[in-house]
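Encoded as structure tokens, the structure appears first; notes follow it.
The values are calculated or read from the model by the stated rules, or taken from the named source; none is laboratory data. These figures come from a predicted structure and were not determined experimentally. In this analysis, Cβ positions are derived from the backbone assuming ideal geometry, glycine residues included, and neighbour counts consider all displayed protein chains. Remember, those area values only see protein heavy atoms, side chains included, never the ligands or the DNA or RNA. Shrake-Rupley method; radii C 1.70, N 1.55, O 1.52, S 1.80 Å.
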Amino acid sequence: DKGKLFVYVANDTPNDEEVDLKLKFRHYDGKKQSTKYFTVQVPSMTSVKVTEINLSRIDTENLFCYAKLTNKDTIRERTIFLDKPKNTSMVDPKLTYEISKVGPKSVSIKVMVEKPAFWVSLDADDIPGIFSDNFLSVRPTAEKNIIFHSENDIDLDEFKKKFKIYDLYTATH
């Protein structure tokens, strides 16, 4: 907002929490720029402003921020664009995937990238079911394993034919 990145942590649990927050600034080709570390006390049912970063000092065309929040029970991850995606120097993530059957009604999709991929979306066409995760970011150092749980028995060859995967870069280039 107004050339600044405001970072808040919300706690919607009944307990006070101590959390660790890493803000990792990365180039769109995956190279590391910098990392900021914070330990934050967040009272129950509140949000706490952690930091405010002036974006006029940051190369918003070539950098994005990856936020990772951890506590004793939870890991939360979020990708933050520092400018509108169309104004960035995003690169082809060279996304690949492997599909394998893990049960009569389930398949595993391992998603891998060479460069960061954003807004990765999986689609099973008309096969009724649900993905364990969807619309996510994938980093070269953190492949994602997603399970598709079908309402019916899955034919692996049919699933592979109908399966589609999209990401922000390929949708815009």
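Just to be sure I understand the filter: pairs with C-beta atoms under 9 Å, separated by 6 or more residues or on different chains, first member in the range 79-104 and modelled with pLDDT under 95, second member among the small types (Gly, Ala, Ser) and open to solvent by 40 Å² or more (accessible area, probe 1.4 Å). Which pairs pass?
As it stands, the answer is none, since no pair meets every condition given.
Counting residues that are under 22 Å from residue 5 (Cβ atoms), which strands (runs of 3 or more DSSP E) fully inside the range 71-149 reach at least 2?
Hits in the range 71-149: 75-81, 117-123, 136-138.
Kindly establish whether residue 49 is in a strand (DSSP E or B) and open to solvent by 90 Å² or more (accessible area, probe 1.4 Å).
Yes, satisfied.
Looking only at the range 55-74, decide whether some residue is more than 24 Å from residue 115 (Cα to Cα), without any contact (Cβ under 8 Å) to a residue 12 or more places away in the chain and open to solvent by less than 50 Å² (accessible area, probe 1.4 Å).
Within the range 55-74, one or more residues are more than 24 Å from residue 115 (Cα to Cα), without any contact (Cβ under 8 Å) to a residue 12 or more places away in the chain and open to solvent by less than 50 Å² (accessible area, probe 1.4 Å).
I need the full set of residues from the range 1-34 which are open to solvent by less than 50 Å² (accessible area, probe 1.4 Å), part of a loop (DSSP other than H, G, I, E, B) and not hydroxyl-bearing (Ser, Thr, Tyr), in order please.
3, 30
What number of residues in the range 100-135 are touching a Phe, Trp or Tyr at 6+ places or on another chain (Cβ under 6 Å) and polar (S, T, N, Q)?
Total satisfying the criteria: 1.
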